[in-house]
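A short write-up of the structure that comes next.
Where a number appears in this text, it was derived from the coordinates with a stated rule and is not lab data. Since the model is a prediction, treat every value here as computed from it, not as a measurement. Cβ sites come from the backbone with ideal geometry, for glycine too, and all protein chains shown count toward neighbours.
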Amino acid sequence: MERYDQNEAPRRKKRGGRFFLAALLVLVLCVLGYGTGVALRELGKLRIIPLSQKPPIYRMAQAPSGERVLSALPMEGELPASEIYRLLSPCCVGVTTSTTSTNIFGQVTRGAISGSGFLISADGYLLTNYHVIETALERELPVKVMLWSGQEYTARIVGGDSASDVALLKIQGENFPYATLGSFEETQVGEQIYVIGNPLGELTYSMTAGIVSALDRSIPVSNTLSIDMFQIDAAINSGNSGGPIINRFGQVIGLASAKYSSSGVEGLAFGIPINNAIKVVDDVSSYGYVRGRPWLGITVGNASDYGFEPGGIVREVVPGSAAEKAGLRVDDIILEAGGRTIGGLADLLRAKNDWSAGDTIELLILREGERITIRITLDEEKP
């Protein structure tokens with residue numbers, strides 16, 4: 001996986017105001033580590049059948065080959081919000097991880113990390129955000145799942161991927177109601193969407209509404225990671241993380257994941273496209289990691305933090321990596337990557353989201369006062 005300078009200063013506002021959100025960041029509901037997948041084993045491969053001209057709905061089915069597929073069924077058209085809530089709310093769950101800590105008086109206190117999720121199969125598989133269960137995974141804590149009926153189950157963490165903020169859980173049982181999954185690829189800006197979740201961990205099964213505000217946002221969620229999400233203006237609060245984002249046909253097209261909040265800022269919420277989530281489940285299930293992610297093999301910081309012009313300054317080159325093979329050196333300053341201007345680490349992370357393993361890109365670097373162009377063929381990031 002890519003490694004970056006942990007002493008990096010906070011991101012600067014991007015020039016021209018093209019993407020100012022990082023400067024407004026006060027609360028990000030997902031704060032992630034940058035890691036690879038935890039292997040999934042028993043869930044069969046998922047795929048989304050392409051949409052026809054009239055959007056179908058999807059149900060989990062078992063193909064003759066044994067593969068789990070999302071099979072298209074006839075669709076009557078748009079559904080009113082009340083009908084969407086009636087159909088989807090029983091598929092939604094609350095996810096809670098109990099934690100213990102010691103306060104300043106030496107007393108052991110108990111708390112809870114609450115999130116949301118939704119069932120994707122009748123036998124109890126459900127999706128949520130990785131950051132909802134991250135603490136439980138690290139500390140081997142129990143994860144509780146509460147259904148619409150009020151029944152509570154102890155869930156097993158089947159697997160997940162921190163770099164895409166997707167996790168798969170399993171509860172024991174059968175004949176659970178489960179959500180229909182649509183294709184995010186057909187989604188357009190301005191479309192009506194709905195979110196169901198558990199804001200604040202207490203206002204369970206709340207529904208909010210809004211529109212799709214933008215389709216392609218690279219959202220920085222830590223000093224070393226950006227995630228491709230889409231932007232919505234529906235209300236998302238702590239506890240909504242992992243809940244479904246639903247289109248007007250009653251199909252889940254994404255997972256509610258993050259919110260930006262600041263004085264004078266409203267309606268900035270983000271979700272993970274369902275197609276991306278299914279790809280994560282498929283890849284990690286089959287290979288133990290998400291395939292195709294690029295790896296340069298460098299540690300990078302903000303050049304301006306070291307008194308140089310804006311760019312990404314190379315602090316370390318991993319032996320044997322794509323960077324070393326291309327001739328990249330410590331103290332090189334990356335000014336452009338793949339035709340994109342690099343003002344610092346955040347820009348490099350956003351550019352990296354557009355690359356795949358095996359791609360060959362050009363880097364414009366500054367080395368001892370001289371501008372040099374080098375070509376680098378990206379490796380694949382593996383566990």
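Once you place label points 7 Å from the Cα toward the Cβ at Thr360 and Gln151, how far apart are they in nm?
Roughly 5.7 nm, to one decimal.
How far, in nm, would the chain grow between Ile374 and Ala122 when pulled straight, counting 0.36 nm per residue and subtracting the alpha carbon separation?
Here the segment from Ile374 to Ala122 would lengthen by 85.5 nm.
Quick check: pseudo-label points 7 Å beyond the Cα along Cα→Cβ at Asn175 and Val318, how many nm apart are they?
5.0 nm
First measure r as the distance between the Cβ atoms of Leu87 and Asp331, then evaluate 1/(1 + (r/R0)^6) with R0 = 51 Å and state the FRET efficiency to the nearest 0.05. Could the numbers behind the result be given before it?
Working: r = 58 Å, r/R0 = 1.14.
For R0 = 51 Å, the calculated efficiency reads 0.30.
Go through 363-372, 202-211, 290-299, 328-337 and give me the packing order, highest mean Cβ count within 10 Å leading.
290-299, 328-337, 202-211, 363-372
Between Ser238 and Glu186, how many nm apart are label points set 7 Å from Cα along the C-beta direction?
Distance between the two pseudo-spin positions: 3.8 nm.
By how many nm would the segment from Phe308 to Ser98 lengthen if fully extended, with 0.36 nm per residue of separation less the alpha-carbon distance?
Length difference between fully extended and current span is 70.9 nm.
Work out from phi, with θ = phi - 60° and the Karplus expression 6.51 cos²θ - 1.76 cosθ + 1.60, the ³J(HN,Hα) of each residue of region 321-333, listed in order in whole Hz, and give x for Gly and Pro.
7, 4, 5, 5, 4, 7, x, 6, 10, 4, 6, 5, 10
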